[in-house]
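A short write-up of the structure that comes next.
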Amino acid sequence: MADYKIKVRRFQPESGQGPYWEEFKVELEPSLSVLDSLLQVKDREDGSLSVRCSCRAAICGSCGMKINGQSGLGCKTQIGEAQELAEKMARATASGPRTREAGREIAGDDERAQPGAEEAAPIIIEPMGNMPVIKDLITDMESTHWTKIRRVTPWLLPHGEAPEREYIVEPESMIDITQSMACIQCGACVSSCLSMEADPDFIGPAALAKAYRFVGDPRDAEGVERLHDLAEDPHGIYDCTHCFSCVDACPKDVAPMDQIMRLRRKAGEAGIEDPNSGHSHELAFVKIIEKKGTLDESLLLQESFAPGIKGKLVPSRRAIKEMLGSIPTAIRGIKTGKMRSLPKLIPGIHHKLPGTAQDEVQAIYKHAEEHNEEFNLYIKGDEGELAEIEAEENLETAIAAPAGEEAPS
Amino acid sequence: MSDQIKVAYWPGCVSRGFTPELHGSMAIVAEKLGIELVELDRANCCGAGVIAEHNQELADTLNARTFALAQETGLSMMNICSTCQGAQSECQQRLDADSSYRAHVNEALSGQGLKYEKDVNGFTNKNFLWLLVEDYGLDKLAAQVVRPLSGMRVGPFYGCYIVRPKERLGYGEHPDRDIYLEQVIVALGGEVVEYDGARKCCGFPVITMNRETSLKQAGTHVGDAIDAGADCLVTPCPLCHLNLDMQQPEAAKVVNRDLGLAVLHLPQLVGLALGAEPKELGMSKHIASTGWVEERLAAVPA
Ligand code: SF4
Ligand code: SF4
Ligand code: SF4
Ligand code: SF4
Ligand code: FES
């Protein structure tokens, strides 16, 4: 048994008060969970402390919360580990001059300077982010999570008449979507999403991962329609800022960001032009490196907004607006000397790699374009082969569930 | 660790494009620290995750070429961009995971007499931040300080690609990689400013796709750091620098408040503490004024 201090962000709507922090002392084994610590408080100290939970085994997806600022499941986070992280972060932000010899921090006059020693840093527990709070750790998942899930038509839209019995598919053709099928709808990724913090209309990681689950399903007939819908929504697949927060938050290794990148790749392959110029940005980047080996930033801007000759003869309204919008930045750059050279300013006169290096890069393009195999996407961890077997095993469980079923569990 | 550190150096594209002050200040700091840089001038862009989005194998092969060029020198590799770190680590992880895939990718390099080998001579690819803490050492760094950044309040800004995903970026072996900036700030005699945005996203990847979302992120983090009393931010990522510094006046319009916070590249912050002058570190090339930082420094002459 060990003693821990948890600091919970509370909100009791009936009290008429705003949110406040409250600290509790708990006593439990380090291997028990943060959720267990909350239930202990509820049991022994304050029955009004509110938290959602059911399975306590990372299956039901009820107990999403933020622990030390990181979104995840209360029942899957061990309290001992949470304590270590709380202390590490407290140590990091406590500054004070270092003695040169010992290399140890000594206390400055700042009162934050020496946590840890006698007073252990508390474990900070908050409700999930990007969602309204109903009470204490209970958030309203309807308004930001479920509404967005429904937004992507999360059911199978198959070809023709339904077969009399089950749909029959090749197991290999389902490997691509097993990762997204593992989602338990806990909302941790939504809570962590940094694009959504800035743009609440963003469809978001959970719903887009769910969308890929159907776009990649061989039984679904509306894949291209779905891609048009997700790419043409200005808050769709090209609104993700590629920050990996959802990847680290997800307790089920769904890697929502990877699914979003797959949606982008498929939308690109289908030739879908989006209002965010996401696809033309991607193509421009790829082409510049083929030609120059390193990035020509000015050319990237120009080609993203007004691709090719057609884009320049008939630039879109957005292209004109964005290009004009970038002029003040360029002028500031010229003034400070940041861009005081023609190659940096005029798109296209950026240098190539020296000698034969550029030909070498082009040879790589040729090789990769001839061979590109989607299956390399799943190489992961220390043993690629293992990851593949695992995917197949997950798949067997997944297929055992009937069509359109949410989780394989 | 031998006394002299020598690395194959990949400066990245942006450090030689829109943030030339980064490349320049890295050279000055390396010399002061006694780190020898063998520049990989034939190497290509890492793809910044964008090429991977288009064609994963293409990105893997392009980066395998860079690793192979580094391995030709017999040295480990160093980069100065969080985004290079993330994009290259992703490809390296996939190349290392599967020998048949590695052979397939190496086939594309064979015509150039190049080959990427897993773990040869303990090959690693580290951002300057990691190298500084893990190989150079904080104590040794602290001992080199001639102008402690006393009283200077510095907010760390990591960049997504160097803190996530943890499983890919060696956090198992080096769990403190997400607090190295704080440790470096303290080693240089400065004070760490705690604010909300340190490990969040600057918004750069969507600057062309959704300018509003992008600049709102940058503006919010800069604003939060100002509210927490920061004199400046420091970042190991030139792309973050573009959004936090170059776009700062535009970000100020989006978040509708005054900003104006100096944003330093990591080698610049280290350079100041090692006695280099703001001008030679290229600080005059920044968009957000670095005047306040310089005033603070002037109080403690080198
Ligand atoms: S990677 Fe994209 S979807 Fe995932 S958290 Fe970041 S912005 Fe959101
Ligand atoms: S993708 Fe992961 S984090 Fe997001 S809702 Fe599903 S299980 Fe939870
Ligand atoms: S991340 Fe940027 S700087 Fe680094 S290689 Fe890629 S494009 Fe160049
Ligand atoms: S913060 Fe921005 S530029 Fe920096 S690594 Fe993240 S996405 Fe990149
Ligand atoms: S209680 Fe079911 S997932 Fe945590």
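The charge dipole of region B:5-130, taken about its Cα centre with unit charges on the Cβ atoms of Lys, Arg (+1), Asp and Glu (-1) only, comes to about 180 debye.
Any chance you could check the Cα centroid distance between region B:133-168 and region A:134-155 for me, in angstrom? The distance from the Cα centre of region B:133-168 to that of region A:134-155 comes to 39 Å.
Close amide H contacts of B:LYS126 (hydrogens built in the peptide plane, cut-off under 5 Å, sequence separation of 5 or more or a different chain): B:MET77, B:MET78, B:ASN79. Pairs exceeding a 19 Å alpha-carbon distance, out of B:LYS126/B:LYS279; A:LYS66/A:LYS252; B:LYS6/B:LYS126: B:LYS126/B:LYS279.
Could you pull out the pairs from A:LYS76/A:LYS135; A:LYS352/B:LYS140; A:LYS135/B:LYS166; A:LYS148/A:LYS366; A:LYS42/B:LYS216 whose alpha carbons sit more than 29 Å apart here?
Numbers: A:LYS76/A:LYS135 22 Å; A:LYS352/B:LYS140 39 Å; A:LYS135/B:LYS166 32 Å; A:LYS148/A:LYS366 40 Å; A:LYS42/B:LYS216 39 Å.
The pairs that break the limit, which is 29 Å between Cα atoms, are A:LYS352/B:LYS140; A:LYS135/B:LYS166; A:LYS148/A:LYS366; A:LYS42/B:LYS216.
Each label was represented as a point 7 Å from its Cα along the Cα-to-Cβ direction; for B:LYS253 and B:GLU31 these points are 4.0 nm apart.
Once you charge only the Cβ atoms, +1 for Lys and Arg and -1 for Asp and Glu, what is the size of the charge dipole of the protein assembly as shown about its Cα centre, to the nearest 20 debye? Provide the component values of the computation, followed by the final result.
Working: 73 positive and 107 negative charges, 532 e Å.
Using only the charged Cβ atoms, the result is roughly 2560 debye.
Could you give the dipole magnitude of region B:170-302 about its Cα centre, charging the beta-carbon of Lys and Arg +1 and that of Asp and Glu -1, in debye to the nearest 20?
Details: 10 positive and 18 negative charges, 92 e Å.
About 440 debye.
Report the B-A buried area as the accessible area lost on both sides summed, probe 1.4 Å, in Å² to the nearest 100. Show your work: numbers first, answer last.
Working: alone 12690 and 23380 Å², together 28580 Å².
Adding both sides of the contact gives about 7500 Å².
Rounded to the nearest Hz, the phi-derived 3J(HN,Hα) couplings of region B:15-24 under the Karplus curve 6.51 cos²θ - 1.76 cosθ + 1.60 (θ = phi - 60°) are 5, 10, x, 7, 10, x, 4, 5, 4, x, where x marks glycine and proline. Of the residues A:PRO234, A:LEU208, A:PHE244, the one whose Cα sits farthest toward the positive end of the charge dipole of region A:155-272, with +1 on the Cβ of Lys and Arg and -1 on the Cβ of Asp and Glu, is A:PHE244.
Set Lys and Arg Cβ to +1 and Asp and Glu Cβ to -1, take the dipole of chain B about its Cα centre, and tell me which of B:ALA108, B:ALA251, B:PRO236 lies farthest positive. Projecting each Cα onto the dipole axis, the largest value belongs to B:ALA251. Threshold 30 Å², probe 1.4 Å: give the residues of region B:211-242, in number order, that are less accessible with all protein chains present than with their chain alone. Going by heavy-atom accessible area, the residues of region B:211-242 that drop by at least 30 Å² are B:ARG211, B:THR213, B:LYS216, B:GLN217.
Enter the mean number of other protein chain beta carbons within 10 Å of the beta carbon of each residue in B:247-254, as an integer. Don't skip to the answer; put the middle values down first.
Working: counts 4, 2, 3, 5, 0, 0, 1, 1.
So the per-residue partner count for this stretch is 2.
Ordering A:LEU35, A:PHE285, A:ALA121 by the projection of their Cα atoms onto the charge dipole of the protein assembly as shown, which places +1 on the Cβ of Lys and Arg and -1 on the Cβ of Asp and Glu, puts A:PHE285 at the extreme positive end.
Give me the 1.4 Å probe accessible area per residue for the protein assembly as shown, excluding ligands and nucleic acids, in Å².
Working: 28580 Å² over 711 residues.
With all protein chains present, the protein assembly as shown gives 40 Å² per residue.
The value given for the protein assembly as shown is a Kirkwood hydrodynamic radius of 26.6 Å, derived from the mean inverse Cα-Cα separation.
Highest average first, the peptides B:237-244, B:203-210, B:185-192, B:32-39 ordered by how many other beta carbon atoms sit within 10 Å of their residues are B:237-244, B:203-210, B:185-192, B:32-39. For A:ASP274, the residues whose amide H sits under 5 Å from its own are A:HIS279, A:SER280, ignoring neighbours fewer than 5 places away on the same chain, with H placed 1.01 Å from N.
In the protein assembly as shown, the portion of solvent-accessible area held by carbon and sulfur atoms comes to 52 percent [1.4 Å probe, whole percent, DNA, RNA and ligands not counted].
Most simply put, the protein assembly as shown has about 45% antiparallel DSSP beta bridges, counting only bridges with both residues inside it.
Counts of other chain beta carbons within 10 angstrom of each beta carbon in peptide B:55-67 average 5. Compared with its chain on its own, region A:259-289 contains the following residues whose accessible area drops by 20 Å² or more in the full protein assembly (probe 1.4 Å; ligands, DNA and RNA excluded): A:MET261, A:ARG264, A:ARG265, A:ASN276, A:HIS281, A:GLU282, A:PHE285, A:VAL286, A:ILE289.
Burial annotation for region B:91-112: residues with an accessible-area loss of at least 20 Å² between the isolated chain and the complete set of protein chains, computed on heavy atoms with a 1.4 Å probe, are B:GLN93, B:ARG94, B:ALA97, B:ASP98, B:TYR101, B:HIS104, B:GLU107, B:ALA108, B:GLN112. Amide H to amide H, with H built 1.01 Å from N, B:ILE5 comes under 5 Å of B:GLU36, counting only residues 5 or more places away or on other chains. Judged by the mean number of other Cβ atoms found within 10 Å, the most tightly packed of the peptides A:143-150, B:260-267 leads the ranking B:260-267, A:143-150.
Using Cα atoms only, what is the angle between the long axis of helix B:99-110 and the major principal axis of chain B, expressed in degrees (0 to 90) to the nearest 10? The answer is roughly 90 degrees.
222 nm [θ] for chain B, helices only, -39500 (n - 2.57) per DSSP H run of 4+, per residue, to 500?
Details: 13 runs with 128 residues, N = 302.
Mean residue ellipticity, 222 nm, calculated: -12500 deg cm²/dmol.
The values are calculated or read from the model by the stated rules, or taken from the named source; none is laboratory data. Because the structure is predicted, anything quoted here is derived from the model rather than measured. We place every Cβ from the backbone using ideal geometry, glycine too, and count neighbours over all the protein chains shown. Heads up: the accessible areas ignore ligands, DNA and RNA and are worked out on the full protein's heavy atoms, side chains in. Shrake-Rupley method; radii C 1.70, N 1.55, O 1.52, S 1.80 Å.
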